[in-house]
Every structure is written in structure tokens, then in C-alpha cells.
1. Taking the Cβ-Cβ separation of Asp120 and Ala492 as r and a Förster radius of 35 Å, what is the calculated FRET efficiency to the nearest 0.05?
2. Which percent of the accessible heavy-atom area of the chain goes to carbon and sulfur, probe 1.4 angstrom?
3. For Lys475, give me every one of the aspartates and glutamates with a C-alpha distance below 15 angstrom, ignoring sequence neighbours fewer than eight places off in its own chain.
4. Sorted by mean Cβ packing within 10 Å, highest first, what order do the peptides 409-417, 279-287 take?
5. Could you sort Cys211, Cys105 by accessible area so the largest value comes first, with the probe set to 1.4 Å?
6. Size of the dipole of the chain about the Cα centre, Lys and Arg at +1 and Asp and Glu at -1 on the beta carbon, nothing else charged, in debye to 20?
7. Ignoring everything but the protein chains, give the 1.4 Å probe accessible area of Trp209 in square angstrom, nearest 10.
8. Run down the aspartates and glutamates and flag those whose C-alpha is under 18 Å from the C-alpha of Lys321, throwing out any fewer than 8 positions away in its chain.
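The values are calculated or read from the model by the stated rules, or taken from the named source; none is laboratory data. Keep in mind that this is a model prediction, so the values were computed, not measured. Quick reminder, even Gly has a Cβ in these numbers, built from the backbone with ideal geometry, and neighbours come from all protein chains shown. We work out accessible area using only protein heavy atoms, side chains counted, and drop any ligands, DNA or RNA first. Shrake-Rupley method; radii C 1.70, N 1.55, O 1.52, S 1.80 Å.
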Amino acid sequence: MKLTTLKHALVAGLASGVLASAALAGAGAAVAQTAVTGALRADQPGPVIQPEVYGQFAEHLGRGIYEGVWVGEDSKIPNTRGYRNDVVAALKAIKVPLVRWPGGCFADDYHWREGVGPRDKRPTKVNVVWGGVEEPNSFGTNEFMEFAELIGAKTYVAGNVGTGSPQEMAEWVEYMVSPTSSTIANMRRANGRDKPWKLDYFGVGNENWGCGGQMTAAHYTDLYRNFAEFIRVPKGTKTEKIAGGANSDDYSWTETVMAGAAKNMDQISVHYYTIPSGKWENKGSATQFDEQVWADTMFQALRMEDLISKHTAIMDKYDPKKRVGLAVDEWGIWHDVEPGTNPGFLYQQNTMRDAVAAGATLNIFHKHADRVRLTAIAQMVNVLQAMILTDKDKMVLTPTYWVYDLYKPFQGATSLPVELNSPAYTVGKSSVPAVSASAGKDTAGVVHLALVNLDPNKSATVTVKLSGMTGKTAKGRVLTGPTMSAHNTFEAPNAVKPAAFTAASIKGDTLTAILPSKSVVVLDLN
Ligand code: AHR
């Protein structure tokens, strides 16, 4: 058998979990493998991984909302009161815990009154930030809140600081949450909603250092205190206030806002996008790339660890009791748009590269569960590193969607420390640990272990010493693909999807798992 054929056979065998270890041992001489050791301490429980770490971002951008979520009641695409059924079902299946809306940059241009009331009376605006297209305002506050209820997600609304006023923001909140018979609460009733909604999180602006108003940190801090003061919710209810945060490694922004307003907020955000090339003007194709670009992408994605560590170190100075959360409410890989699509719509394909980077990033969030209590990947449907792509009535689930599906058991689990001694995976100047891991114990007492093999060529044998637990079996699922750029299309929607994984076993206190190259594995240790 030629080496390449053998490699493919190995990947297929590992993915379906049918490869006998004897066969693997025989093949070991021909196929390069990484050996990784580690320890999982189930007797040292850490903080809970809040379900909201698995949040999604949905902006009025391209086909993210219109077509992606909302098709209107009269559409031929099967829908429930205007929300497309296929997308709703797919989002429910991964238990989306939270949705952030309406932006993004769109938020600081959005005036909520234009998006309520009879749809045929709502003004048509121009989405000046994203493609200059018409914004019909048919999806507004009522539609968002109803959508969140439909999929069972918490609500995170981003307010307008850039072109809005404290009064406009206060009245929006009143519209959503007031149980009184005030004129504004009655407007909500006249628009079809009697009971107040639950507004779980409210963001005071978005990227106010950039598209949200080009402000200095000091100016934003003053405005934050001013606007946040007027976010008033009924006694006995809680809406967490989220301060607009830094652009990736702008630590001085976090320093200034925390110093001036830590006590006025529940969370502060940070945005970080992985740009594979490191250059905004030429980010690179989502599907056409070589191994150097794969390695560069992993390196850029793993910068999240350093960013979170440094932002939280600043937060520790002003909030040593860790009351304030760090909301990573925009993150993901940003590629060049798919050829032939509107550059303002940020529509991109999604491959095994995106999936592996997502798994490794989620492992970082688990490790920082003490501060990172909410994240929102950008974005939910048809935009950037999306869960779901649609083309009119067709829908496809991306490799990143399947990572979120695999990682569901971590929502609400107690984080457990897992340390790996992993060799590096290095190409050119980009070097990262070949394998990344995280662990958690769910409320039923089952320990889950996530293992991500970032190396696109070598499988990895991972040996982990287990302490403080009595698990005897290790079963789970794996996501992998035949190539680095394997992805799902409307013609071949199931090219990349999870398979059962049984190439793992526990002997005494030691777990051994053999990970295919470029794979994401989640195991249940029972
Ligand atoms: O997610 C796309 C855009 O990226 C958002 O609108 C903005 O906040 C960020 O710059």
C-alpha cells in the first residue's frame, strides 16, 4: 500500500472508530504520529462553564438576518411566523444559549422605533455600514425577542451610543421590559406583546473606538457611565450591562474603562478576529490555502489565550473578586468573501480549518471560565465563521456547526483542569501545541474531555492520567475530514460531519485516545 493510501485508510478507520489497535501498531512505522501525555484532575473542580460561552452573534449584515433567519410569513420557504423552519431546528439542535443582536457596527446606527409596529409602515433605510443595501426594518425588536423564545436562547441586545441618546436607549429598554401601563409599554402591547420580555444582557454600544463613534477610551468611559445609568429594569429582574470593550490587544482601552466604570458594569467585552494572513487588506481564501496558511491560522487563533490572560490581568486590578465578566462577544475567523459575492456581505465558506480553530478556541474559553462567561461567535448564519449557510430554500451546516454540536455537554459543566505535554506543530514561523484539550463535569456527573489535533498530517496518541474519577469507558464523536479544506456545500452537504469515535480506552487510571490528524474529538468518560 502506498503511504498516501495508507494515511487515508488510517484517517477513515480512526474516524469511524473501527481501527483495531493491532493494525495501528503495524502501521505505526509508516505513519507519523504525535505522542502527547497529560493529566486530568477531576478532584480539582473549577468554575462552571456558563452555557452563554456558546452564544451566537446575529447582525443586520448581508444575509445574516434576512434570508438566514427571517424570510417573512408569505415566503415559499417553510417558516413559522416568518422564521425559516430549517434554521430554527438546526439552532435548537445545538442548544444556542444566547443571541447578540442587532450589531455589530449596525447597532450604533440603529434606531429601535423604526423596527416596531406594523411592518408595512416601517421605514426603509440604507444599511450604510454593510453594503449600502436597503434595510426594510421588517425584523425588529418584537421579531428578535420572539426568535430568541422560539430557539430557547437568552437575549443580548446591543444599544446605540454612537448616534443615539441615553433617552432613546432608556425607552428601548422600557419597551422591552416594563410591566407597567406606561405609554411605551402599551406601545409594545399594541404591537402584539402583552408580557414584558426577559432582556438578559444589554450592551452599551459596540466598538466605540471604531465604527461605533471613533471615541477615545476616556470619552467612551464617561458616556458608558451616563448611558448605563438609564438602563432601568423592574425590581426583581436583572439585565446585565455590558460595556463596549477593546479591539483585540488594546489593553489601554480595558484599563481606562475598568478604572472609570468597573462598578457600573456586569461585563466588559473584547473583540478578536483571526485573520489568517494577519493582513486585513488580503485575508486569504476560505477554501484555497496551503499548509503554511493552515499553521498561520492556528497560530493567530490561539492568540486568544494571551489576549484573555492580559485583559483579565487588568480586570483583576480593578475587580479582584472577579465580579465582572469578560464577554468575548465577537470572535472567529475572517476570510476573504466567496468570489462573486457582495464584499459588504462577508459571506465565506467554512472548512475543517475553521472547525479545528473553533475547537481549540473553545478549549481556551473553558480554561478561563472564571472570567469568560459569555462569548458570541461571528456570526450565526451566512456571515463570517457561520454555523449555517443558506441559498434560498437550501441550508447547509458547516464544520463549525458540528464543533458546537460536539461541545454541547460543556454548556453548564464544571470545568476541570487538564494539562497536556504536547509537542509543537510548526510550519515556518508559526508554531502551536499540536494538541489542545479541555475537560468538564456535567450536572449528571459525567466527565467530558475535548481533544483537538491541530496537526493536519499527523495523528496523535494522547495518554492522560485521570485522577479523582472512576470512569471506565471512553466513548464519543469525532469531526475530521480528508483534507484541510474539506467543507460542506449545497451539493454535498454531508461531506464533513461527526462520526462515532471508539479509538479511545481507559485502563486503570489512564486514558488513551488516538486522534486523527486535523480532528476535534469529544469523549464521555463513564
Ligand atoms: O462582525 C462583523 C463586524 O466586525 C461587526 O459589525 C463589528 O463589530 C466588527 O468590526
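1. Working: r = 40 Å, r/R0 = 1.15.
With a Förster radius of 35 Å, E is 0.30.
2. On the way: 10750 of 19930 Å².
Whole-percent figure for carbon plus sulfur exposure: 54.
3. Excluding near neighbours in sequence, the set is Asp524.
4. On the way: 409-417: 21.2, 279-287: 14.6.
Top to bottom by mean Cβ count within 10 Å: 409-417, 279-287.
5. Numbers: Cys211 60, Cys105 20 Å².
In descending accessible area the options line up as Cys211, Cys105.
6. With Lys and Arg at +1 and Asp and Glu at -1, about 1400 debye.
7. In the full protein context, Trp209 sits at about 60 Å².
8. Here the aspartates and glutamates satisfying the reach criterion relative to Lys321 are Glu240, Glu255, Asp266, Asp370.
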